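One structure below.
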Amino acid sequence: MELMHYIVLSGILFSIGAATVLLRRNAIIVFMGVELMLNACNLAFVTFARMHGDAQGQVIAFFVMVVAAAEVVVGLAIIVAIFRSRRSASVDDVNLLKN
Amino acid sequence: MSTGEDVLFWILAPLMVIAAMGLLFTRKAVHAAVAVVFVMISLAVLYIAQEAPFLGVVQIVVYTGAVMMLFLFVLMLVGVDASDSLVETIKGQRWIGALLGLGLVAIIVGVVVQVTFPPAVGLPADEQTNPVTLARILFSDYVFTFEVVGILLVTAAVAALVLTHRRRLEPHRGQKERADEKVARLPEGGRLVSLPAPGVYAQHNAMDVPALDAQGRPIPESISRVLRIRGQARSESSILESERDVMVEHMPDHSLLSVRADLPDTAGTDGAADAHPGPDARPDDGPPDDATPSGTESEDR
């Protein structure tokens, strides 16, 4: 019960990250929003691990970190590639499939 | 939760939320990145407070040390001043997005508050340290996952290489090609060697003073093209005259100067070709090898 604050904080951070993904146009900031969501999930994992006295939650959080690192590498490479061809880092400018 | 942890949480949590809001509201992407770095360091502190010191350290090393610095690196690559456009491409997207975000907060917090969690057990306090505990779980129950994650990392590295690879569209211009181009440009007045450096005199050693060649004539192209176009190059005659003044001041023996001043009349045929207003002021500055270029290569003139 007393660890609920951490879960609430994690939920708030997750929501802010989700809102960032919805609201911002700069692809890099959108990507930071995704990172914030992953971090919020990690906080929840660590808190639940402590709550249940089981270190497996921390192992899962560790895996989340590794996957996030791989995701950042690929995502930023994609952003750089798009920037090279379109001269813009805005998600609105990637509209080749439109029309 | 001890009192100390309570205090830590209630100090860090509002700051974290404010910094995370910075991600939503800052104009510049670099500010957003710094705000996220703050959130991640605070998260590391919370991990350490929550009996996960290994994850706290990994959070600092991997997230703030590697991931966020990679973000900043890409920001610099893309251009720091690439600010958001404020034009709404989808009508009402901002309000819908804000509504969805607030709704998500309401749902998550509402659900979490209503749940009754079991009393916190805390990790078993045996003699193993936290990294050892994690390693035992990681390399017993999750060995296969660990291998797959390793493959994932290798794939990601290769993917980054492939995605950012740029194919060379024109053939490589090496030393030989450049030399051949220079030789080919000789008939229309190209140069084989680099341009001479600007003037180095006993009195002047400046970018806006032309060098003198072996005959004592100024070489106009030794001054930077930019200075010449702007009209900021000093005329060589003014330099030579002031030089002559210095010589006269420091050398009371005027006879030597007057003797030397006769020289340009004999050798003045090639000196007059070069828009050189003061022929009698020319040879006053000692031997002409004063004015040879200082040997530094300056390609971009």
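Ratio of Rg to Rh for the range B:1-80: 1.05 [Cα atoms; Kirkwood radius as inverse mean 1/r over pairs].
Estimate the FRET efficiency between B:L100 and B:I229 by the formula 1/(1 + (r/R0)^6), using the beta-carbon distance for r and 56 Å for R0, to the nearest 0.05. Provide the component values of the computation, followed by the final result.
Values: r = 58 Å, r/R0 = 1.04.
Using R0 = 56 Å, I get an efficiency of 0.45.
In plain terms, the chain from B:K182 to B:L161 could stretch by 3.9 nm, reckoned as 0.36 nm per residue minus the Cα-Cα distance. When the charge dipole of chain A is built from unit charges on Cβ atoms (+1 for Lys and Arg, -1 for Asp and Glu) and taken about the Cα centre, the candidate among A:Q56, A:A81, A:V21 whose Cα reaches farthest toward its positive end is A:A81.
Here the 3J(HN,Hα) profile of the range A:72-79, calculated from phi with Karplus coefficients 6.51, -1.76 and 1.60 at θ = phi - 60°, is 4, 4, 5, x, 5, 4, 5, 4 Hz, Gly and Pro shown as x. Using a simple spin-label model with pseudo-atoms 7 Å out from Cα toward Cβ, B:V30 and B:M76 lie 1.0 nm apart. Which GluC sites (Glu not before Pro) from chain A combine a DSSP loop assignment with at most 15 other Cβ atoms within 10 Å? Sites meeting the loop and neighbour criteria: A:E2.
Computed from Cα atoms, the angle from the helix A:27-52 axis to the main principal axis of chain A rounds to 10 degrees. Rounded to the nearest Hz, the phi-derived 3J(HN,Hα) couplings of the range B:155-164 under the Karplus curve 6.51 cos²θ - 1.76 cosθ + 1.60 (θ = phi - 60°) are 4, 5, 5, 5, 4, 4, 4, 5, 5, 8, where x marks glycine and proline. Distant-in-sequence amide contacts of A:S90, defined by a placed amide H-H separation under 5 Å and a gap of 5 or more residues or a different chain, comprise A:A27.
Rounded to the nearest whole Hz, the Karplus-based 3J(HN,Hα) values (6.51 cos²θ - 1.76 cosθ + 1.60, θ = phi - 60°) of the range B:44-60 follow the sequence 4, 4, 5, 4, 5, 5, 9, 6, 10, x, 4, 5, x, 5, 4, 4, 5, with x at glycine and proline.
Shielding value for B:14-20 is 4, the average number of Cβ atoms from other chains within 10 Å of each residue's Cβ. Maximal additional length on extending the B:E241-B:E5 stretch stands at 76.9 nm, based on 0.36 nm per residue less the C-alpha distance. For the range A:4-88, the gyration tensor built on C-alpha atoms gives an oblate shape. Its axis ratio a/c (a ≥ b ≥ c) is at least 1.5, and a/b is not larger than b/c.
What the Cβ-Cβ distance of B:L169 and B:T116 gives, at R0 = 60 Å and to the nearest 0.05, is a FRET efficiency of 0.40.
Rule-based calculations on the coordinates, nothing more; no lab input. Computed from a prediction, not measured in an experiment: that's the story for all the values here. All Cβ positions, even for glycine, are placed from backbone atoms using ideal geometry, and neighbour counts span all protein chains on display.
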